[in-house]
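For reference, the structure is listed below as structure tokens.
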């Protein structure tokens, strides 16, 4: 019966789709549905998106060649009010029966309900109306195409079109473009009557974007116009605008298809009462800089009561001046005696905004009445509130926590020491319920976590020496000192976590950042290590499976026949490695037991990390709408070197194993480096192809023979290989037998094709490749160790598809990953053996993975 119902449902679904698949269902008689646009350029099909964007009329959007939105639109019924009237109003008996258990008003409102009206409005809004042939738009498209190629230097281009009927109500259009021979630039010269501007141009013309032998392109001329304007306005030409730059193209010379270009820079146009006159441009210098430190837009003319002068800057305040002059003037690059410069204005605005003490500053220039070539710069700063308080709550769920409530509070204090510093402090807490945790009192909320984080930000580099020559103020440097503490109760191993760092940040170039953590400290203390096997059940089950094969001492077994936690586990371990091997444990099983116990020791040990690192980041991304860009990131970290020198000076800091300790904890010593490269290509019809490459490695040495868990790598998850859950991939071909699998080397490569389905719903096809391995540490499992190129056969491959919904401020992402190549399986069963939905992994994330 169940199978029969499924078949009936499937037939109904097919019938529903078939009804909507009549693409000409809503095409009026005498009209034609435009099904395809083809552009042939010199008899070759051109699929360039920029070329297709010249068309005024495009066919309906399609998903993998199927006009999905058009067919959704066709499912909607027209004139839903007439359908309602036919059912009730025009059927008095039915109307009377309905009115017996619904009021007349309610019956009337049925016509506005979702079933009669709303569902059809939804289908129309979600779908896309049929695009009908409009010959006037076709003619305009042909003219626009022709203009496009002329702007690319094909002045002799010709364009025509042909409309073909392919069905009674369907047509397609073919545009034919013949480009002709391109025009190549010949002589380039400039006519600049203003001597100051001519001098600037001659000094910088080597940076010109147009040159002899280049193919004509209006876009390049537009960029050259911007470049010239920036040069002039950054060197004193206060009144200069881009519209003063003109390009005169001479195609009447004797050289065919070789036009001469004259760059004509007009004089300044000055408007008087009844006429416009032209005068030569002047270069303006800054004669005075005024900084208004508490400007109020609601009362801009408030009386000034306090002022001071510092390094040729004059600071004004309505109330008592609350800022150290140096803290503000350090970020002002509009200086007395300098020529007017848009660049200096922009970097000043950026610096003052980054202080997070003021709203976006207003910088105005007014002519100096005492100097015809002088300007007065007025910088208006509107302070933010000195204190800002925030609070948020959230409900959580995790593998450990069945239900939890978390809360966060934050306080921001601005201008802490009157030097534009900011101080942030936040408190966070969480209470939750877990059935897996020890709960002798049967309390619902039996786990908790509390934490505090603070950060003090200085708008300068706090160093004992001057760094202006190496890192000038234009790089907007700042220093951050942070401290954090968190404590867990009845959560896993009940960790205490202390962190602290001293960081320097600066921007050497646009879209490039550098961050130096001079000091980065992390101290992790496990308060409840005996709870390990209660939490890491996979490790415990694996140990039990081995113990079932041997005559284990009954004292180590509970009433369920399993090893007692923790005494039974340790007792079994001692039996396995007793002299003479009394249990007769096989070498393979002994190796498994040793691996599990070493893993326990690793995850229950306390960690002390004293590290320094430097991180570099560069991107070509212009703004949020830019889909053709790259991002490169690199990081290098060194831990334990300085503290090692201190520890070696005192033999009392050694433990019984000979390792050095601080506060009775072995400190970590390692070198770590990682690289990441992301590249996006903007493709046809709002589609994007994105790739990500990552490599990271951490090498322990000296005082350590492995990497702290918090600094290691893992595989899987919504931002990694999406066919595996977080921490469930690798290392190598080991098969992810543990709960949290990690290692000290990682290779990851991902590729994703993103495309629009309709409106704000997008789809994606992806492939994730990579794995983690152990290298140069104390791991003994051969299948987890990286041994050169031959280990690359253990790279995992995951493929899948996903959907993304764009909420403008963020994107909700759902991905379905399938294990395409699983290195944990036998070598002849690795490919395509788990390409099933019951073996897939569902990932839910926010924003794109890369």
* Might you let me know whether segment 804-813 holds any residue that is touching a residue at least 12 places away in the same chain (Cβ under 8 Å), in contact with a strand residue (DSSP E or B) (Cβ under 6 Å, 6 or more places away or on another chain) and farther than 29 Å from residue 760 by Cα? => no
* Quickly run through segment 29-42 and pick out the residues that are farther than 15 Å from residue 166 by Cβ and in contact (Cβ under 8 Å) with a residue 24 or more places away in the chain. => 39, 40, 41, 42
* **Looking only at segment 122-138, and only at residues there that are outside any loop (DSSP other than H, G, I, E, B) and touching a strand residue (DSSP E or B) at 6+ places or on another chain (Cβ under 9 Å), the one that is surrounded by the most Cβ atoms within 10 Å (Cβ to Cβ)** => 138
* To do: Return a yes/no flag: does segment 817-825 have any residue that is surrounded by fewer than 17 Cβ atoms within 10 Å (Cβ to Cβ), assigned by TED's automatic domain parsing to the domain that holds residue 729 and assigned to a strand (DSSP E or B).
  => no
* To do: Scan (1) assigned to a helix (DSSP H, G or I); (2) more than 28 Å from residue 235 (Cβ to Cβ) for the single condition residue 346 breaks and write down its number.
  => (2)
* To do: Tell me which residues, restricted to segment 704-762, are in a loop (DSSP other than H, G, I, E, B), free of Cβ contacts under 8 Å to residues at least 60 places away in the same chain, in contact with a strand residue (DSSP E or B) (Cβ under 7 Å, 6 or more places away or on another chain) and over 16 Å from residue 773 (Cβ atoms).
  => 760
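Residue by residue, here is whether (1) under 21 Å from residue 354 (Cα atoms); (2) at pLDDT 85 or above; (3) under 28 Å from the mean Cα position of the chain (by Cα); (4) not in a loop (DSSP other than H, G, I, E, B) holds:
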{"position": "436", "(1), (2), (3), (4)": "no, no, no, no"}
{"position": "444", "(1), (2), (3), (4)": "no, no, no, no"}
{"position": "451", "(1), (2), (3), (4)": "no, yes, yes, yes"}
{"position": "455", "(1), (2), (3), (4)": "yes, yes, yes, yes"}
{"position": "464", "(1), (2), (3), (4)": "no, yes, no, no"}
{"position": "480", "(1), (2), (3), (4)": "yes, yes, yes, yes"}
{"position": "498", "(1), (2), (3), (4)": "no, yes, no, yes"}
* To do: Those residues that are surrounded by fewer than 15 Cβ atoms within 10 Å (Cβ to Cβ) and not in a loop (DSSP other than H, G, I, E, B), I need them from segment 573-597; list them, please.
  => 574, 587, 588, 591
* With respect to residue 847, determine if the residue is crowded, with 19+ Cβ neighbours inside 10 Å, touching a strand residue (DSSP E or B) at 6+ places or on another chain (Cβ under 8 Å), outside the structural domain of residue 69 (by TED's automatic domain parsing) and at pLDDT below 90. => no
* Pick from segment 385-403, criterion under 28 Å from residue 538 (Cα atoms), part of a strand (DSSP E or B) and under 28 Å from the mean Cα position of the chain (by Cα), ranking: modelled with the lowest pLDDT -> 396
* Asked: Out of 314, 277, 305, which single residue is touching a strand residue (DSSP E or B) at 6+ places or on another chain (Cβ under 8 Å), surrounded by fewer than 18 Cβ atoms within 10 Å (Cβ to Cβ), within 19 Å of residue 375 (Cα to Cα) and without any contact (Cβ under 8 Å) to a residue 60 or more places away in the chain?
  -> 314
* To do: Please tell me if residue 780 is touching a residue at least 60 places away in the same chain (Cβ under 8 Å), surrounded by fewer than 19 Cβ atoms within 10 Å (Cβ to Cβ) and assigned by TED's automatic domain parsing to the domain that holds residue 743.
  => yes
* Among strands (runs of 3 or more DSSP E) lying entirely in segment 177-292, which contain 3 or more residues that are under 44 Å from the mean Cα position of the chain (by Cα)? -> 245-250, 260-265, 285-292
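Here is a yes/no grid of residues against (1) surrounded by 15 or more Cβ atoms within 10 Å (Cβ to Cβ); (2) over 30 Å from residue 759 (Cα atoms); (3) modelled with pLDDT of 85 or more:
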position	(1), (2), (3)
80	yes, no, no
97	no, yes, no
105	no, yes, no
117	yes, no, no
145	yes, no, yes
151	yes, yes, yes
* Asked: Would it be correct to say that residue 600 is part of a helix (DSSP H, G or I), out of contact with any strand residue (DSSP E or B) (no Cβ under 7 Å at 6 or more places or on another chain), buried (at least 16 other Cβ atoms within 10 Å of the Cβ) and modelled with pLDDT of 85 or more?
  -> no
* Asked: residue 625 passes all but one of (1) modelled with pLDDT of 85 or more; (2) under 30 Å from residue 509 (Cβ atoms); which number fails?
  -> (1)
* Is one or more of the residues making up segment 496-513 touching a strand residue (DSSP E or B) at 6+ places or on another chain (Cβ under 9 Å) and either assigned by TED's automatic domain parsing to the domain that holds residue 591 or under 30 Å from residue 588 (Cβ atoms) (or both)? -> no
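The values are calculated or read from the model by the stated rules, or taken from the named source; none is laboratory data. As the structure is a prediction and not an experimental result, all values here were calculated from the model. Positions of Cβ are generated from backbone atoms using ideal geometry, with glycine treated the same way; all protein chains shown enter the neighbour counts.
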